[in-house]
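Down below is the structure, laid out as structure tokens.
The values are calculated or read from the model by the stated rules, or taken from the named source; none is laboratory data. Remember, predicted model here, so these are calculated numbers, not experimental data. Neighbour counts run over all protein chains shown; Cβ positions are idealised from the backbone, glycine included. In case anyone asks, the SASA skips ligands and DNA or RNA and just uses the protein heavy atoms, side chains included. Shrake-Rupley method; radii C 1.70, N 1.55, O 1.52, S 1.80 Å.
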Amino acid sequence: MRLSLCLVAGLAVVAAASSFANAGPKDGRLDVYFIDVEGGAATLFVTPEGESLLIDSGYPGYDFRDRDRIVDVAKNHAKIEQIDHALVSHWHLDHYGNHAALTEKIKIGTFWDRGIPDSLQEDAKFGERIVAYRAASQNQSKTVKAGDSLPLKTGSTPLSMKVVTASREVIKNTGAANPFAKLHEAMPEDKSDNAASVSLLTTFGGFKFLCCGDLTWNIEAKLVTPNNPLGKVDVFMVTHHGLPNSNNPALVMAIDPVVAIMCNGPTKGGHEQTQQTLRKVESLKHLYQLHQNVQLAADQQAPGEFIANVGKLGECDGVFVKMSVAGDGSNYTVQIGADGKARNYKTRN
């Protein structure tokens, strides 16, 4: 029987899971926390060198729900006292709306974004809303473009965070021919800021993780057709909360992830079309969802043990998903919540 209130799926506690959850920021591992902001995005990295990066910050308001969840994960689980870098993927409120509130609770070092536009056609209040971000960043955020790399420290295992899309531009279309390029069928041009999202390809030794913000269909195809400059990845953060105007099969099939993690909400994202695309990925072992999609049947989404939160909007405790990569990049674990079972995966390279 499923409870109507939030529960954590897969609460089996093993010694390995406890050690991963309680390790400090300098345990030699690359840790990534997918924080539940109920349909927005907030992803926290802690590197082996102890540096931290937060991509996006969830919604403002809601009695500081998302701000407090981010601070809780940072201080009580990741064991960090400041966020060294904050990257905004694009200018929609569920991605940049919390930085000002966050700075009242935890120090943020360098801010990164694609550049602040004068206005957004889809948000008449953007000029008012961006004031808080400008104040939080002291109007000193740094602009990234496709081909840049974030200047994070690296140790004995090489760490790279490369910007592969930004402001509708993509990296050079090098690499092997994409055998799935023919799956792309162009959609009408997306003029929203989603299409301008910053996408980040993280490599740690042989391990590869792709996060594309809310990048949409045609720019996804521009990135990986006719050639695939990304290669195959180990973990894919499902784009745009799992909405169907993103997650072009020409991209998803080409990167062929072993694990996919979807930052959806109870009714936002986790769309049936995206679920069907992911099921066709040859190498995919598991899909993790931050939320049960309450509009889909159980057999249309991830099994219950791979869903962090169930129930309607506002009824959940905000359980996170954690990915932790071994210090040499050879393997990684994914678990739900601080005490969830840590499932082990071998890095493909």
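Determine whether Ala146 is within 24 Å of the chain's Cα centre (by Cα) and among the aliphatic types (A, V, I, L, M). Criteria met by Ala146. The set of residues from the stretch 324-349 being within 25 Å of Val294 (Cβ to Cβ) and either open to solvent by less than 40 Å² (accessible area, probe 1.4 Å) or of a type in the set (Ser, Thr, Tyr) (or both) comprises Val334, Gln335, Ile336, Gly337, Ala338, Gly340.
Restricting attention to the stretch 309-336, the residues that are part of a loop (DSSP other than H, G, I, E, B) and within 16 Å of the chain's Cα centre (by Cα) total 3. Restricting the search to the stretch 305-318, which residues are under 17 Å from Gly242 (Cβ atoms) and either among the aromatic types (Phe, Trp, Tyr) or open to solvent by 20 Å² or more (accessible area, probe 1.4 Å) (or both)? Phe306, Leu313 - these are the residues of the stretch 305-318 that are under 17 Å from Gly242 (Cβ atoms) and either among the aromatic types (Phe, Trp, Tyr) or open to solvent by 20 Å² or more (accessible area, probe 1.4 Å) (or both).
Filtering Ile80, Ile130 for residues that are free of Cβ contacts under 8 Å to residues at least 40 places away in the same chain and either out of contact with any Gly (no Cβ under 7 Å at 6 or more places or on another chain) or surrounded by 14 or more Cβ atoms within 10 Å (Cβ to Cβ) (or both) leaves a single hit, Ile130. Restricted to the stretch 113-127, and to residues that are touching a strand residue (DSSP E or B) at 6+ places or on another chain (Cβ under 8 Å) and under 17 Å from Ala100 (Cα atoms), which residue is surrounded by the most Cβ atoms within 10 Å (Cβ to Cβ)? Applying the filter and picking the extreme gives Asp113.
If the condition is being within 13 Å of Asn349 (Cα to Cα) and touching a helix residue (DSSP H, G or I) at 6+ places or on another chain (Cβ under 8 Å), then the stretch 220-237 contributes Gly231, Lys232, Val233.
Residues of the stretch 142-153 that are touching a residue at least 40 places away in the same chain (Cβ under 8 Å) and surrounded by 12 or more Cβ atoms within 10 Å (Cβ to Cβ): Val144, Leu150, Leu152. Filtering the stretch 244-275 to residues that are hydrophobic (A, V, I, L, M, F, W, C) and more than 14 Å from the chain's Cα centre (by Cα) leaves Ala250, Leu251, Val252, Met253, Ala254, Ile255, Val258. Picking from residues in the stretch 36-69 that are under 13 Å from Leu102 (Cβ atoms) and in a helix (DSSP H, G or I), the one that is most open to solvent (accessible area, probe 1.4 Å) is Phe64.
The set of residues in the stretch 70-127 that are within 21 Å of Lys153 (Cβ to Cβ), touching a Leu at 6+ places or on another chain (Cβ under 9 Å) and assigned to a loop (DSSP other than H, G, I, E, B) comprises Ala78, Ile80.
Applying the set (1) surrounded by 14 or more Cβ atoms within 10 Å (Cβ to Cβ); (2) more than 19 Å from the chain's Cα centre (by Cα) to Ala302 leaves exactly one unmet item: (2).
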